[in-house]
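Everything on this sheet refers to the single structure shown next.
The values are calculated or read from the model by the stated rules, or taken from the named source; none is laboratory data. Because the structure is predicted, anything quoted here is derived from the model rather than measured. Because the Cβ atoms are built from the backbone with ideal geometry, glycine has one as well, and the counts that use them run over all protein chains shown. Please note that ligands, DNA and RNA were not included when accessible areas were found on the heavy atoms of the full protein model with its side chains. Shrake-Rupley method; radii C 1.70, N 1.55, O 1.52, S 1.80 Å.
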Amino acid sequence: MSARTIDSGMARQFWLGALALVLLVFGAFLFTRAMQADEDVRVLYRDSLTLVQAGFEAQLLLNDLRRPSAETRMVIPSLRRKLEEIGRFGLTSAERQDLAEVDRMAAAVELDPNIQRRATLLQNGDRKLLALVTSVRDRTESTATSAHRFRDFALYGLVAVAVLALATAVALVALALRTLSAHRTRLGQLDQMAHEDALTGVVNRRRLDETLPVELARAQRLGYPLSVAMLDLDFFKRYNDRRGHGAGDELLREAAQAWRRQLRPTDLLARYGGEEFTLVLPACDADQADQLVDRLRPLMPERQTFSAGIAIWDGQDNADELLRAADIALLQAKRGGRNRTVVAGREPQIALPLRVVT
């Protein structure tokens, strides 16, 4: 997966996260408003019941005004206090006008000795007061109905937001997993590019330098032998000059792939540089390594040959010293006529002429 695809996935992930955050904020707002609507309705009902009760008490006081004038003086103050109590509620302008009219009627009743006019005034005041209480009750019911509708809308909206938020979260998780998988794939590709020889498909010198010390430590811990072989194609420059660089590249590629198919899963074949390759052979002594190298010779394309130098780890040398020993053995094989294998420590001895002392 390309870097552009990964960047696009990260951008979608960002926008999905932003959408999820917006949905959560909107859901929290709806929930708060729904709870506030319930509280407002509860307060409205409480105030309405209190006002209705005060209205009924005022009506009772109005009825008391129908008594003789001597008792009226005791009722009027109570009635005005009750009307003042009603006035403290949130009334509309029309309802306040009705309340003021009732107050004026009460004052007129107190001053008017005519029983018939008093009865008419009290009847009108009672009607005004009843109309006021009915108006408040109807307004309360209407407001409560609207509040309940808003609450239901908010709850339905909250459910919808929750569903959308859940779907967005699922999409976000899926996209995050996909992006993570893309990152892993991309990292794997980068790691492969960093540790694989692009021409031959085998590992490169960097992977060899990383792997060989690990294999030495494992061999020491488990107590098995370990061999390293350096392979170098014979007369490769001559072949490259005669056939061309394309043919030389194809020879390297075919040889490396043919060799790799003959190796064990634990063996490592690396391109050391140019036409030179390195074999790391765990649990393989000198004779076994020599036999394995001999099995690789018939696999060379175009009937080409290679020389090999093998070094056995003595349990003391580090990776560079072991590679140097194998490289010296390879040099001995080259000097010995090529197309042969030399094991470090088994180089053929050259007889030197004895000096005659006279």
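Inside the range 254-269, residues that are farther than 17 Å from Thr341 by Cβ, assigned to a helix (DSSP H, G or I), in contact with a helix residue (DSSP H, G or I) (Cβ under 9 Å, 6 or more places away or on another chain) and not small (Gly, Ala, Ser) make up a count of 2. Residues that are of a type in the set (A, V, I, L, M, F, W, C) and either in contact (Cβ under 8 Å) with a residue 12 or more places away in the chain or surrounded by 15 or more Cβ atoms within 10 Å (Cβ to Cβ) (or both) within the range 136-161 comprise Val136, Ala144, Ala147, Phe150, Ala154, Leu155, Leu158, Val161, listed in sequence order.
Look through Leu212, Leu231 and report the one residue that is under 24 Å from Asp314 (Cα atoms), in contact with a strand residue (DSSP E or B) (Cβ under 9 Å, 6 or more places away or on another chain), open to solvent by less than 10 Å² (accessible area, probe 1.4 Å) and not in a helix (DSSP H, G or I). Show your work before the answer.
Working: Leu212 fails: not in a helix (DSSP H, G or I).
Going through Leu212, Leu231 in turn, just one is under 24 Å from Asp314 (Cα atoms), in contact with a strand residue (DSSP E or B) (Cβ under 9 Å, 6 or more places away or on another chain), open to solvent by less than 10 Å² (accessible area, probe 1.4 Å) and not in a helix (DSSP H, G or I): Leu231.
Considering only the range 195-209, how many residues are open to solvent by 30 Å² or more (accessible area, probe 1.4 Å) and part of a helix (DSSP H, G or I)? Number of matching residues: 4. Is at least one residue of the range 270-287 of a type outside the set (Val, Ile, Thr), open to solvent by 50 Å² or more (accessible area, probe 1.4 Å) and assigned to a helix (DSSP H, G or I)? Within the range 270-287 (the criterion being of a type outside the set (Val, Ile, Thr), open to solvent by 50 Å² or more (accessible area, probe 1.4 Å) and assigned to a helix (DSSP H, G or I)), the answer is yes, since at least one residue qualifies.
Summed over the range 288-305, residues that are open to solvent by less than 50 Å² (accessible area, probe 1.4 Å) and either among the hydrophobic types (A, V, I, L, M, F, W, C) or out of contact with any strand residue (DSSP E or B) (no Cβ under 9 Å at 6 or more places or on another chain) (or both) total 6.
Table: residues versus (1) in a helix (DSSP H, G or I); (2) farther than 29 Å from Gly248 by Cβ; (3) of a type in the set (Phe, Trp, Tyr); (4) modelled with pLDDT of 95 or more.
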site: Ile310; (1), (2), (3), (4): no, no, no, yes
site: Asp314; (1), (2), (3), (4): no, yes, no, no
site: Leu330; (1), (2), (3), (4): yes, no, no, yes
site: Leu354; (1), (2), (3), (4): no, yes, no, no
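Could you tell me which numbered condition Leu164 fails, if it satisfies all but one of (1) open to solvent by less than 90 Å² (accessible area, probe 1.4 Å); (2) in contact (Cβ under 8 Å) with a residue 24 or more places away in the chain; (3) of a type outside the set (S, T, N, Q)? For Leu164, the failing item is (1). When every residue of the range 65-82 is checked against the conditions, none turns out to be acidic (Asp, Glu) and at pLDDT 70 or above.
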